[in-house]
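Take a look at the structure below.
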Amino acid sequence: MGQPKVMGEPRVVVRRSLPSEPAVRGSASLFLTEAERQGVRAGRRMLYVGPEPAPEHVAAGLRVEPGTPVLARRKLLLAGDVPVRVATSFLRLDLFADTSLCEPGFLAPSLQTRIEELGHRFGRAEEHLVARPPRGDEAATLEVDRGEWVVQIVRASYSAEDLPIHVLETVCAASRHVFDIVQVSGADEF
């Protein structure tokens with residue numbers, strides 16, 4: 001982890017558990033907590049906070065029409081000085097316009113805490129993972145090599161009343177990640 005690139009090996013590798021452990025998911029920053037556990041020097045930079053049209057996969061998770069303006073909170077996550085993920089939180093403007101969630105910069109103590117302070121309690125989530133070529137400026141932002149793919153994880157979170165309140169899209173440089181899939185005990189057999 002975090003070692004220099006050696007003939008064909010990635011410059012840095014970080015782990016991402018699916019699904020995220022509740023203690024990690026509820027922390028101030030999922031990425032900072034994960035990186036600390038792995039001994040990786042983590043950093044993050046806010047890239048954008050504001051409205052933008054909902055892409056089709058985000059619209060489906062938020063149960064709005066594609067192109068509907070939603071609040072986007074986009075940040076770049078770094079391991080050492082290497083960009084490894086772009087994470088974008090999407091929120092419905094009909095629920096969160098003119099709230100503290102629209103403030104620029106990182107929210108303290110966390111986005112999840114701010115959502116709960118606005119009266120929305122977590123009920124369930126659905127997570128989808130897809131490997132694909134980078135789109136738009138993803139290759140440049142993540143500094144991936146020509147032909148390298150990304151892994152897109154889309155997590156749609158719903159309130160206890162089944163109201164869609166948050167979609168998190170994380171685009172990861174594929175060669176810089178290992179995804180640990182955790183199975184809950186008692187849920188299945190070998």
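The values are calculated or read from the model by the stated rules, or taken from the named source; none is laboratory data. In this text, all values refer to a predicted model and were calculated from it rather than measured experimentally. Positions of Cβ are backbone-derived with ideal geometry, glycine not excepted, and every protein chain shown enters the neighbour counts. Calculation scope for accessible area: heavy atoms of the full protein, side chains included, ligands and nucleic acids excluded. Shrake-Rupley method; radii C 1.70, N 1.55, O 1.52, S 1.80 Å.
Out of curiosity, is A125 in contact with a Lys or Arg (Cβ under 6 Å, 6 or more places away or on another chain), in contact (Cβ under 8 Å) with a residue 40 or more places away in the chain and aliphatic (A, V, I, L, M)? So A125 passes the test. Taking each residue of segment 44-60 that is modelled with pLDDT of 95 or more and looking for partners that are outside any helix (DSSP H, G or I) and among the acidic types (D, E) with beta-carbon atoms closer than 7 Å, six or more apart or interchain, yields V58/E169; A59/E65. Restricting attention to segment 87-104, the residues that are open to solvent by less than 20 Å² (accessible area, probe 1.4 Å) and either touching an Asp or Glu at 6+ places or on another chain (Cβ under 9 Å) or over 13 Å from P69 (Cα atoms) (or both) total 5.
Going by the conditions given, is V64 under 14 Å from P164 (Cβ atoms), β-branched (V, I, T) and open to solvent by less than 20 Å² (accessible area, probe 1.4 Å)? It is false that V64 is under 14 Å from P164 (Cβ atoms), β-branched (V, I, T) and open to solvent by less than 20 Å² (accessible area, probe 1.4 Å). The criterion of being aromatic (F, W, Y) and within 15 Å of T170 (Cα to Cα) does not hold for F96. Selection of segment 142-160 for residues being part of a loop (DSSP other than H, G, I, E, B) and touching a residue at least 40 places away in the same chain (Cβ under 8 Å) yields only E143.
T99 meets the conditions (1) among the polar types (S, T, N, Q); (2) at pLDDT 95 or above; (3) within 17 Å of the chain's Cα centre (by Cα) in every case but one. The failed one is (3). Residues that are more than 27 Å from A97 (Cα to Cα) and crowded, with 20+ Cβ neighbours inside 10 Å within segment 145-162 comprise just one, V150.
Picking from residues in segment 163-190 that are of a type in the set (D, E) and either surrounded by 10 or more Cβ atoms within 10 Å (Cβ to Cβ) or within 17 Å of the chain's Cα centre (by Cα) (or both), the one that is modelled with the lowest pLDDT is D180. Considering R74, R132, the condition of being without any contact (Cβ under 8 Å) to a residue 24 or more places away in the chain, closer than 19 Å to T170 by Cβ and basic (K, R) is satisfied by R132 alone. Hey, could you check segment 111-141 for residues that are in a loop (DSSP other than H, G, I, E, B) and of a type in the set (G, A, S) and say which is least open to solvent (accessible area, probe 1.4 Å)? The qualifying residue least open to solvent (accessible area, probe 1.4 Å) is G119.
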